[in-house]
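Participant: Questions regarding the structure given below will be posed in turn.
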Amino acid sequence: MTRPIQIAPSVLPVDFSKLGEAVVALDEAGVDLIQWDVMDGQFVPNLTFGPDVIASTRSLTKVPFEAHLMVLTPDVMAKRYVEAGCQRLIVHVEACTHLHRTLGNIRELGATAAVALNPSTPPSEIAHVLDLVDLVLVMTVNPGFGGQSYISTMEPKIREVRNMIRNAGLDDVVDLEVDGGIGPNTIAGAAKAGANVLIAGSALFKEPKGLKHAVTQLRAAATAAFTA
Ligand code: DX5
């Protein structure tokens, strides 16, 4: 039994002067979780949300938060993001010297742990930590900015990760998330390749018919195309 399809926003495209309103609007639009793109200006050439920013919106919704830690020092920052109200922390393989230990530390903090792969990183990098995560994120852009083009050559890699999860007997435990360039024209390819959690930023916030319409349309497209 594969995990359900989930549509989740990246908060990156939001007008940061109206973050609270955006979180409430996303809740009302029916998103399954909210992803905070945390960037430290070192791992990626951009700087975004500290834990206090996330904490300031936590009481506005019961929708789960996940922090996508695009940072060089996830071990140093993990505790603060859990305390800010993030139920899941996603760390990048490329930023972790001791990935197995980092994921275990996140679980000891009381959050669920997840691991992200940049476009050039092979799935073999996570072969020995699947038992420690509840989600694998396959990046479909190079991290750092919203509004980039979907890298369709990642679809065979998404399929490879889906097969790894299944072969480990973890289909009903571990989600496969994609992030970057996901929208009406790309979501079917990602879902068909095996992604069941789909992160969208621009495609949600730029939809002229509004957030709820965008979430509904993307969820329908992913559900129709998904192949376990
Ligand atoms: C890249 C970011 C973006 C963002 C989604 O580091 O993680 O992928 O979440 O942005 P869109 O949906 O606009 O590509």
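The values are calculated or read from the model by the stated rules, or taken from the named source; none is laboratory data. Keep in mind the model is a prediction, meaning the values are calculated, not measured. When we count neighbours, we look across all protein chains shown, and the Cβ atoms used for this are built from the backbone with ideal geometry, even at glycine. Each accessible area value is taken on the protein alone, full model and side chains, heavy atoms only, with ligands, DNA and RNA left out. Shrake-Rupley method; radii C 1.70, N 1.55, O 1.52, S 1.80 Å.
Participant: Among what's in the stretch 51-70 and is free of Cβ contacts under 8 Å to residues at least 40 places away in the same chain and open to solvent by 50 Å² or more (accessible area, probe 1.4 Å), pick the residue that is farthest from the ligand (Cβ to nearest atom).
Facilitator: Of everything passing the filter in the stretch 51-70, Ser59 is farthest from the ligand (Cβ to nearest atom).
Participant: Can you pull out the residues in the stretch 121-154 that are touching a helix residue (DSSP H, G or I) at 6+ places or on another chain (Cβ under 7 Å), within 13 Å of the ligand (Cβ to nearest atom) and assigned to a loop (DSSP other than H, G, I, E, B)?
Facilitator: Matches in the stretch 121-154: Thr140, Gly146, Gly147.
Participant: Okay, next question. Only one of these is within 16 Å of the ligand (Cβ to nearest atom) and among the hydroxyl-bearing types (Ser, Thr, Tyr): Thr48, Thr73. Name it.
Facilitator: Numbers: Thr73 fails: within 16 Å of the ligand (Cβ to nearest atom).
One residue alone meets the criteria, Thr48.
Participant: Going through Leu170, Leu204 one at a time, which residue ends up being hydrophobic (A, V, I, L, M, F, W, C) and out of contact with any Ser or Thr (no Cβ under 9 Å at 6 or more places or on another chain)?
Facilitator: Sole residue among the options that is hydrophobic (A, V, I, L, M, F, W, C) and out of contact with any Ser or Thr (no Cβ under 9 Å at 6 or more places or on another chain): Leu170.
Participant: Follow-up. Taking only pairs six or more apart or across chains, which ones have beta-carbon atoms under 6 Å, a first residue in the stretch 174-186 that is within 12 Å of Ala116 (Cα to Cα), and a second residue that is open to solvent by less than 20 Å² (accessible area, probe 1.4 Å) and near the ligand (Cβ under 6 Å from one of its atoms)?
Facilitator: Asp179/Ile199
Participant: Considering only the stretch 155-191, how many residues are assigned to a helix (DSSP H, G or I) and open to solvent by 10 Å² or more (accessible area, probe 1.4 Å)?
Facilitator: Initial filter on the stretch 155-191 (assigned to a helix (DSSP H, G or I)): 155-167, 187-191.
After this cut, where a residue has to be open to solvent by 10 Å² or more (accessible area, probe 1.4 Å) as well, the list is 155-157, 159-160, 163-164, 166-167, 188-189.
Qualifying residue count for the region: 11.
Participant: Hey, can you tell me all the residues within the stretch 155-185 that are under 19 Å from Leu69 (Cα atoms), touching a strand residue (DSSP E or B) at 6+ places or on another chain (Cβ under 6 Å) and more than 13 Å from the ligand (Cβ to nearest atom)?
Facilitator: Matches in the stretch 155-185: Asp175, Leu176.
Participant: Out of the residues in the stretch 31-50 that are among the β-branched types (Val, Ile, Thr) and under 17 Å from Ala113 (Cα atoms), which is surrounded by the most Cβ atoms within 10 Å (Cβ to Cβ)?
Facilitator: Here the answer is Val38.
Participant: Ala200 fails exactly one of the following numbered conditions: (1) more than 9 Å from the ligand (Cβ to nearest atom); (2) farther than 19 Å from Phe43 by Cβ. What is the number of that condition?
Facilitator: Status for Ala200: all satisfied but (1).
Participant: Within the stretch 104-112, is even one residue under 16 Å from the mean Cα position of the chain (by Cα) and surrounded by fewer than 16 Cβ atoms within 10 Å (Cβ to Cβ)?
Facilitator: No, every residue in the stretch 104-112 fails to be under 16 Å from the mean Cα position of the chain (by Cα) and surrounded by fewer than 16 Cβ atoms within 10 Å (Cβ to Cβ).
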